[in-house]
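First the structure, in the form of structure tokens, and then the observations on it.
The values are calculated or read from the model by the stated rules, or taken from the named source; none is laboratory data. None of these values were measured; they are calculated from a predicted model. Note: ideal-geometry Cβ built from the backbone for every residue, glycine included; neighbour counts use all protein chains shown. When the accessible area is computed, the model is the full protein with side chains, heavy atoms only, and any ligands, DNA or RNA have been set aside. Shrake-Rupley method; radii C 1.70, N 1.55, O 1.52, S 1.80 Å.
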Amino acid sequence: MDFSITPILLSWGLVGALITVTIRFVHQGYVHRSRIRSLRSQGIPIAPHSLIIGHISIFADFRRSHPPDININVFHIWLARSYQKYFPGLERLPPVVYLDLWPVGPQFALVYDAAAVSQFTQTKSLPKLHLLTQYIKPLTSGLDIVSTEGALWKTWRSRFNPGFGSRNISALLPELIEDVSVFTSQLRDLSGNGGEWGPVFQLREKSADLTFDVICQVTLGMSSSKEPSQANSSFKSALRDQVRLMNLSSNGGLLRSKLLWHRAKISKNNRIMRNVIMPFIESKLYTSQSEKGTKGTAKTAIDLAIQHAHSEDTQRSTKLDPDFADMVISNIKAFIFAGEDTTATTICFLFKRLQDNPNSLSKLRDEHDRVLGPAPEHAAAVLSANPHLLHNLPYTLAVIKETLRLHPLASTARQAPPGFVLNMPRSGTATTQFPLGGFAPWVAAAGLQQSTEYWPRATEFLPERWMEAEGEPLYPRKDAWVPFSIGPRNCIGMELALAQLKLVCVLVVRSFEVEEAWDEWDEKLGEKATPAQKVDGQRLYEVSTGPVQPKDGMPVHVRLRV
């Protein structure tokens with residue numbers, strides 16, 4: 001062979017590969033842009049759309065009008081408020097807003113209508129969007145109930161449901177009260193002397209330690225605060241580092257996730273977490289048969305999953321099946337990740353809303369006095385002896401629901417198959433169809449839950465709306481409240497989250513004042529402080545490229561109530 005022609009052949013090969021890639025890119029661009037143009041030709045409202053960049057300019061407008069660390073969740077409410085710019089002449093935002101972000105992202109269909117949401121989450125539950133399952137894959141290898149579909153999802157969801165049911169959460173209440181009591185002790189240590197304000201600290205950090213302990217208690221029967229150990233500490237560090245790496249992968253794309261050091265670190269973290277979880281599985285596996293028939297006692301999620309599996313196993317095997325172990329471990333990691341993160345951030349926004357609404361805070365304290373007695377220091381003992389009293393706090397639940405209405409920290413996105421449509425009623429029996437084939441329907445939770453179509457005085461914090469009787473002006477439309485999603489794929493941890501938030505209210509609000517402390521925080525950060533970064537005039541807003549976080553971890557100070 002004449003080696004002198006080798007460089008020429010290599011050059012032509014590279015040119016050919018480049019041409020092939022370019023043709024594919026152009027073809028994909030034509031398909032995506034044509035899909036939007038086809039919808040417009042059907043009379044469906046479409047925001048200004050470019051053949052070159054699609055709707056990327058709209059997303060750029062959002063970025064320019066917000067601080068650089070803003071969370072994507074805020075986009076939903078921003079677009080709802082800015083709709084007249086992008087849909088001039090319309091009296092209201094369309095129920096489905098198509099958003100073409102190719103090639104930097106998928107083509108989304110943002111759904112702002114409650115009835116439409118139920119059509120792809122409840123009437124027919126579409127598969128989860130692959131971007132969401134890819135995000136959590138480094139943690140769970142795609143074996144968790146967020147990522148799985150069909151019969152596999154149904155089997156494992158049914159196995160874990162009892163562990164997160166209201167009956168089991170009530171049975172675990174004494175342990176949860178202990179965990180929240182540790183949190184209140186930390187707040188007491190951070191309070192000033194003689195009713196003075198204490199030093200500034202990040203509330204998100206303390207609330208995350210609490211929620212980590214609670215979810216570990218419910219899933220494993222492990223508490224890092226009550227039973228500190230090297231294993232517990234290493235598990236928490238590995239999980240939080242894994243979440244950091246997941247956010248980096250999400251933000252840095254495919255290239256970062258393929259780096260050897262990145263993948264090695266992910267493997268190491270998973271190995272550490274597996275080594276902590278596996279002994280719990282093995283101990284439960286070998287003791288579950290002897291405990292069979294025990295009623296009225298609290299069970300961890302692992303206990304009940306193994307019992308459920310045993311009831312299905314006609315062989316009654318005492319050997320640990322590797323596939324079974326992998327599924328349990330993956331789901332436990334997913335539960336702990338989700339249970340720690342979202343509830344910890346909700347605690348922060350809960351105190352923010354109570355700080356800004358002193359009348360609501362006063363009503364909350366009054367309810368606790370009536371139901372639990374006037375001595376806050378006895379509340380934990382009263383609840384431990386009478387767990388049912390936690391369900392006798394309607395205003396407390398209303399405060400929590402209203403916080404979650406204004407701060408929904410998660411919203412589901414699905415993948416629609418070809419031919420799938422949303423049917424929206426117009427007048428009489430007529431309907432408007434919104435085709436979703438090729439699009440990812442995404443519940444615009446923040447926009448839906450602040451829509452004046454469903455919520456009178458939508459932007460106000462009004463726990464009283466949850467106390468209204470049906471037919472009264474503020475009575476909430478239940479299908480427009482979706483912080484835990486709806487349908488069969490709703491959040492399995494809803495009952496636990498609500499119980500935990502109630503306990504925080506009960507054990508904190510009568511004993512402490514909690515207040516944002518931005519001046520002290522700015523002084524502490526010095527040149528790194530960002531006082532100019534605000535949303536709607538507020539220093540506290542939703543940040544992060546992954547799960548929602550409060551800005552700067554919500555700097556606060558606390559003092560004991562006199």
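Charge tally around His49: other residues with Cβ under 13 Å, Lys/Arg +1 each, Asp/Glu -1 each, net +3.
If you take every DSSP beta bridge whose two residues both sit in the chain, what share of them, in percent to the nearest 5, is antiparallel? Could the numbers behind the result be given before it?
Values: 24 of 28 bridges.
Bridges in the chain that DSSP calls antiparallel: roughly 85 percent.
With every protein chain in place and a 1.4 angstrom probe, the accessible-area ranking of Cys505, Cys491, largest first, reads Cys491, Cys505.
Can you tell me the accessible area per residue over the chain, all protein chains present, probe 1.4 angstrom, in square angstrom? Walk me through the numbers on the way to the answer.
Details: 26090 Å² over 562 residues.
Here the per-residue accessible area is 46 Å².
Within segment 362-472, all pairs of alpha-carbon atoms sorted by distance into 5 Å bins from zero give the percentages 2, 9, 13, 14, 12, 13, 12, 9, 5, 5, 4, 2, 0.
Filter the GluC sites (Glu not before Pro) in segment 416-502 to those in DSSP coil with at most 15 other Cβ atoms within 10 Å of their Cβ, and list the result. Could you put the intermediate results ahead of the total?
Working: sites: Glu453, Glu460, Glu464, Glu468, Glu470, Glu495; in loops: Glu453, Glu460, Glu468, Glu470.
Here the sparse-neighbourhood loop sites are Glu453, Glu460, Glu468, Glu470.
Shape call for segment 23-65 from the C-alpha gyration tensor, a ≥ b ≥ c root eigenvalues: rounded (a/c under 1.5), prolate (a/b greater than b/c) or oblate? Please list the in-between numbers first.
Working: a/c = 3.84, a/b = 1.21, b/c = 3.18.
It comes out oblate by the Cα gyration axes.
Entry note, the chain: the mean residue ellipticity at 222 nm calculated from DSSP H runs of n ≥ 4, each adding -39500 (n - 2.57), is -17000 deg cm²/dmol after division by the residues and rounding to the nearest 500.
Taking square-rooted eigenvalues a ≥ b ≥ c of the alpha carbon gyration tensor, is segment 330-374 rounded, prolate or oblate, where a/c under 1.5 means rounded and, failing that, a/b exceeding b/c means prolate? Verdict is oblate for segment 330-374.
Global dimensions of segment 25-171 from alpha-carbon coordinates: Rg and Dmax equal 19.0, 59 Å.
Of the solvent-accessible surface of the chain, computed with a 1.4 Å probe and all protein chains present, 56% belongs to carbon and sulfur. For the chain, the fraction of C-alpha pairs farther apart than 44 angstrom is 22 percent.
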